[in-house]
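Down below is the structure, laid out as structure tokens.
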Amino acid sequence: AAAPSALLARDLKFGLATRISASSSIAGFLIGVPLALAGAGVWSLVAMEFARRTAALLAGIISTRWLPGFSGGPRAFLELARFNTQTAGFYALGFLDDFLTRFLIGRLLGVEALGLYAFARRLLEALQGALLGPFTAVTLTAYWLLALPFGWLLAIPLGFGAAGFWAGFALGLAV
């Protein structure tokens, strides 16, 4: 439902997007709750989410008249592939790093060591989020409070255009 949602947002049809979201949530509720009451267990949640997303997709397709397809051709595909090759490579390396670490720990040290590793990693991620979250919020706010005014000053009053905004963004990153 991402493409129909994006089309609705592009056309500023937020009311329609909200109605689609609400109605699809109701559809999921109408499927999931009776299944849960009937004893379906965790599968009631699966069915509820599937119904919600399917209803959102169908309502989005109907309201935007969008159908999935591939418009372009080999040239457009190659352009996208060239653009995303580096990103896909970084994701693949990250996956391999994580997978190989877990594989080697599990294979060489056993399941218990792998469980301890997973617990320690989750603990580290939680600490990073707790400690760096407020810092990130402050620095991002400070960045935009500096970058936008300086970028606007350089771009509009001083006449540097888009290069002025980029220089302002660079200045915001430098501080």
Can you send over the solvent-accessible area of R53, 1.4 Å probe, protein chains only, in Å² to the nearest 10?
150 Å²
R0 = 35 Å: FRET efficiency of L116 with L80, Cβ-based, nearest 0.05?
0.25
Among the helices of the chain (complete DSSP H runs), which have Cα atoms covering no less than 15 Å along the helix axis and a Kyte-Doolittle mean of at least 0.5?
14-37, 42-64, 111-155, 162-174
Per the rule of 0.36 nm per residue minus the C-alpha distance, extending L140 to K13 adds in nm 42.8 nm
Can you give the helix-only mean residue ellipticity at 222 nm for the chain, where every DSSP H stretch with n ≥ 4 adds -39500 (n - 2.57) and the sum goes over all residues, rounded to the nearest 500 deg cm²/dmol?
-29000 deg cm²/dmol
In this structure, the FRET efficiency calculated for A2 and L96 from their beta-carbon separation, with R0 = 41 Å, to the nearest 0.05, is 0.90
With a 10 Å cut-off between alpha carbons and a GNM built on the chain, which of G161, G73, G115 moves the most?
G161
What percent do you get for the relative contact order of the chain when only Cα pairs under 8 Å and 6+ apart count?
13 percent
Per residue, in Å², the accessible surface of region 19-85 once ligands and nucleic acids are set aside, probe 1.4 Å:
78 Å²
Relative pair counts by distance (%), Cα atoms of region 1-160, 10 Å bins
9, 14, 17, 35, 20, 4, 1
Calculate what fraction, in whole %, of the accessible area of the chain sits on carbon and sulfur atoms when a 1.4 Å probe is rolled over the protein chains.
74 percent
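The values are calculated or read from the model by the stated rules, or taken from the named source; none is laboratory data. Nothing here was measured: the structure is a model prediction, and the numbers come from that model. Cβ atoms come from the backbone with ideal geometry, glycine included; neighbour counts cover every protein chain shown. Remember, those area values only see protein heavy atoms, side chains included, never the ligands or the DNA or RNA. Shrake-Rupley method; radii C 1.70, N 1.55, O 1.52, S 1.80 Å.
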